[in-house]
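Values in this text are rule-based calculations from the coordinates and carry no lab data. Note that this is a predicted model, so its numbers are computed, not measured. Note: ideal-geometry Cβ built from the backbone for every residue, glycine included; neighbour counts use all protein chains shown.
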Amino acid sequence: MSTPFVAHEGAATAGRGQIGSAERWRFDPASLRRRLGPGLALPELLALLFIAATVLFVVARMPIDGRGDYGQWLMTSRYYLGQTVPDYRSITALPPLIPFLLALTRIVIPDPGIALQAFNVGMLLALVASVYLVASAVFADRAAGLFAVALAFLVTDRFLELFAFGGLLQAGAMAFTLVSVAAFVHAGRDANASQAWWTLGFLSLAMATLSHVGTGLLAVPVCLGIALISALKTARTATTPPEQRLADRRRVLRAMSGALVIPLVVLAYWLLVLLPASVEYVTNPASLNYRGADRLFKALELYWPTIVVIAIGAGCLVIGAVRDFQHRRLGPYVVLSAWAVAAWGSLLLSVLSQASTDYPRFATPLLAPLIVAGAGGLLWLSRWLARYLRARNPDMRRVDWRLGVLAIVCLMGPLGFQKYANHVRFYQPLDAAGLVSVGTWLNEELTAGESVVSPVREGKWIEGVTGRAAIFSQPVRYTFRPVERQRSLVADAIVRSTLAVASHDFFLKFSHGASNGQRTVPRGLIVGANHRGEFLDLLQIPASEVRVLGTAGSDDIRATLLGSHPQGIDQSVLQNEAMVSTTWNGGQPEGAFTLTETTILHGDSPSFELIDQVAAATQPVGAIELQLWPLVPTTAARVDRTGQQADLYFPQAGLEEPKLRIEVVGANGVISLGQDGVLTVRSATDKVHLKVTDLTTGEGTSSVQILDPAQLIQAYDVAAVLLIRYDPAFEVRQRRIEDLGYRLGLAAGAYALMVRN
């Protein structure tokens, strides 16, 4: 069989059975075309260009500024350009290849948004080309490549979703993995295969591992398994005498061993640099409950055309593998079976070992072998149609039936593009143009070391465009390092509270406050609980619903916490316990009283205590009453017979329902259940003492601490706070930020930028 790498005229060989350097490396395009098998010539090329151009148009027309993770990759590329990056970011913990290539693009195109869009388009084309190449190589027919591209980008939604949220690292790793598979398949076609195929295969595998941690780990067993099949195939298909067959096997081993230098160097880099820096990626306390394997399968089931592709691909894979095994040949479906077993086996191993990884990101690597197998099935269908149609009409050309099958597959394109548009809308910022204006303003006005508090997507974009530190709140399931989770608490404390208290199990925020002339005294408690690693806001105790009642048995309201005057605040963190105590004066002169509200957060148990106590100056107090309002509708609420304990169940988050238990300590009060799960607690004396316990707590997210916004602003040198003007809580948050010494510096579309006076 001919090889696409042929010797120059007069090139010397090293002896019988050996390939000279010129023979190993000279490329013959005509021979490569023969290797790929029959194709459609100009119609095939036009069809491929049409699909690629259509996909490119759909992706490129969507605005990219501020979308998903794109800003994060801009930020990492700054490191390789020698520009400033936030101090808390560990750039070296990320595989370097894709950020480095993006940095090269930014050298040619200085504008960050245009450079990012150009790089995004290039990455999309690379992934399209790699899907085409691997299917064409596996089935030795370029029509299979066309079918695979159509299935991946027009039918399923998982490949295009990478470009909706900005999965550039995984897209790059997938492209290199597919090229590696294609190269190893070519290397197994002939015992005289050039070393160039083995080198390209191992080089592409190395590039995959340097592009994305998770996909790179999956690529290793996939590509090495196919390389092993190719080596066995060359040994089994040799038709030369035994002594020549031995020489062929030795030549294959030499070619493989020479190329193995590349992954060995990359392995050393992984062990010495990436692995130590990436340990925290698999220690996310919330990942299994919110981003576990169940989320992966839900993502695959959510879009019915993807289910169809999986079913067709799996069916073709099983039938083809059985036929290959029956004929005792290492055919294309044996290769695809090894690929699928390695990919899905890696998923199974991760699930069984309960690895805390991002399981939804498994979707694309798992789909790839099934898409190629489905392309093989469509190729078989088109050949069967050809035989059938030619039997009826011998003059019919082959181009008709191949493009006809392809056209039928492409009918799913509009539905897939609409799905992509929905993904993009989900990951878009509220106002891309306004965000660009904010980034420009910050880049010109802020000095070195100053930081910005912002929403999460906007914060990533600000970091990428300006290189300045952004403090933003994001769910724990999207964070990997403790420093990121701490900064998330800081952002929430500054924007959403007048004072906050955090521990392993609770994140308590006082949403309002009143000034006593010297400082703001907080009131109005929001209860955030750790539900299997994720903080969820479940309850609030409004200041208007903390009431001081008249004489015993009376419903007369003497005063509320909202209507009382602040006197002072005492706070401390001692022996793994945080305490915040506020004092308020209320009532008329003839019935004046002092109300003390104390919140105690324990670090060694999943509970906190709330104590409200009244000291009356003249008239005695009949009772204290307060209400606990669920922030989301409860699925169930139960109060025990004595009225001393209540359990609240909330809608499922992750794998189960959050649960809280509220208890009256000291039997000096009664809990009653009202509409919508509202709990009313009334004391029998001038004191009410509650204990709230988290029944679905998770792994640790925070140490016991008090978060004072004024102190946090100084500690993190916050020069600006970005608020969303469309937020229903915008006015409240704006007043709270103004009380901290900020003014409106820029109004840009959906955003209001508060700047330090």
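Computed over all pairs of different Cα atoms, the Kirkwood value for the hydrodynamic radius of the stretch 308-393 is 14.4 Å.
Once you have the Kirkwood Rh of the stretch 590-710 from its Cα pairs, apply Stokes-Einstein at 20 °C and 1.002 mPa s and quote D in µm²/s. For the chosen part, D equals 134 µm²/s.
Each stretch of four or more DSSP H residues adds -39500 (n - 2.57); spread over every residue of the chain, this sum gives -15500 deg cm²/dmol at 222 nm. Ordering Arg189, Arg142 from the fewest to the most neighbouring beta carbons within 10 Å gives Arg189, Arg142. The slack in the chain from Leu271 to Glu450, taken as 0.36 nm per residue of separation less the alpha-carbon distance, amounts to 60.9 nm. Stick to Cα atoms and the Kirkwood definition of Rh, then tell me Rg/Rh for the stretch 498-706. With Rh from the inverse mean 1/r over Cα pairs, Rg/Rh is 0.96. Please state the shape class of the stretch 519-586: rounded when a/c is under 1.5, otherwise prolate if a/b exceeds b/c and oblate if not, all from the C-alpha gyration tensor. The shape class here is oblate.
The mean sequence separation of alpha-carbon pairs under 8 Å and at least six residues apart, normalised by the residue count of the chain, gives a relative contact order of 12 percent.
Net length available on complete extension from Thr105 to Ala747 is 227.9 nm, with 0.36 nm assigned per residue and the Cα-Cα distance removed.
Which cross-chain or sequence-distant (5 or more) residues have an amide H under 5 Å from the amide H of Ala559, H modelled 1.01 Å from N in plane? Answer set, sorted by chain and number: Val548. Site pair Ser544 and Glu301 shows an inter-label distance of 4.3 nm when each label is modelled 7 Å from Cα along Cα→Cβ.
Packing around the peptides 599-610, 294-305, 528-539, taken as the average count of other Cβ atoms within 10 Å per residue, puts them in this order, highest first: 528-539, 599-610, 294-305. Per-residue Karplus couplings for the stretch 714-726, computed as 6.51 cos²θ - 1.76 cosθ + 1.60 with θ equal to phi - 60°, are listed in order as 5, 5, 9, 6, 7, 8, 8, 10, 9, 10, 9, 6, 7 Hz, Gly and Pro entered as x. Report, to the nearest 10°, how far helix 97-108 tilts away from the longest principal axis of the Cα atoms in the chain, using its own Cα long axis and a range of 0 to 90°. The helix 97-108 is inclined about 90 degrees to the chain. For the stretch 270-320, what class follows from the C-alpha gyration tensor (a ≥ b ≥ c being the square roots of its eigenvalues): rounded when a/c is under 1.5, otherwise prolate if a/b is larger than b/c, else oblate? Oblate shape, in that a/c is at least 1.5 and b/c is the bigger or equal ratio.
Over all directions, the projected convex hull of the C-alpha atoms in the stretch 148-214 averages 5.1 nm² in area. Label-to-label distance, Phe325 versus Thr594, with points set 7 angstrom from Cα along the beta-carbon direction: 8.3 nm. Packing order of peptides 409-418, 453-462, highest average first: 453-462, 409-418 (average count of other Cβ atoms within 10 Å over each peptide's residues). The C-alpha atoms of the chain define a longest principal axis, and helix 41-60 lies at about 10 degrees to it. Of Val405, Thr440, Thr306, whose Cα points farthest to the positive end of the dipole of the stretch 303-454 (charges on the beta-carbon: +1 Lys, Arg; -1 Asp, Glu; origin at the Cα centre)? So the residue we want is Val405. Label separation (Ala421 vs Gln567): 6.3 nm, computed from points 7 Å beyond Cα along the C-beta direction. Measuring between alpha carbons in the structure, the pairs from Lys419/Lys460; Lys509/Lys691; Lys460/Lys659; Lys298/Lys509 lying more than 27 angstrom apart are Lys460/Lys659; Lys298/Lys509. Relative to its residue count, the chain spans a Cα convex hull of 191 Å³ per residue.
Order these by the 10 Å Cβ neighbour count, fewest first: Leu160, Leu336.
Leu160, Leu336
Karplus-derived 3J(HN,Hα) values for the stretch 506-521, using 6.51 cos²θ - 1.76 cosθ + 1.60 with θ = phi - 60°, are 9, 10, 9, 10, 8, 7, 9, x, 9, 8, 9, x, 10, 7, 7, 9 Hz; glycine and proline are entered as x. Take the Cβ atoms of Asp556 and Ser605, set R0 to 41 Å, and the FRET efficiency comes out at 0.65.
Inter-part distance, the stretch 197-213 to the stretch 62-85, computed on C-alpha centroids, equals 24 Å.
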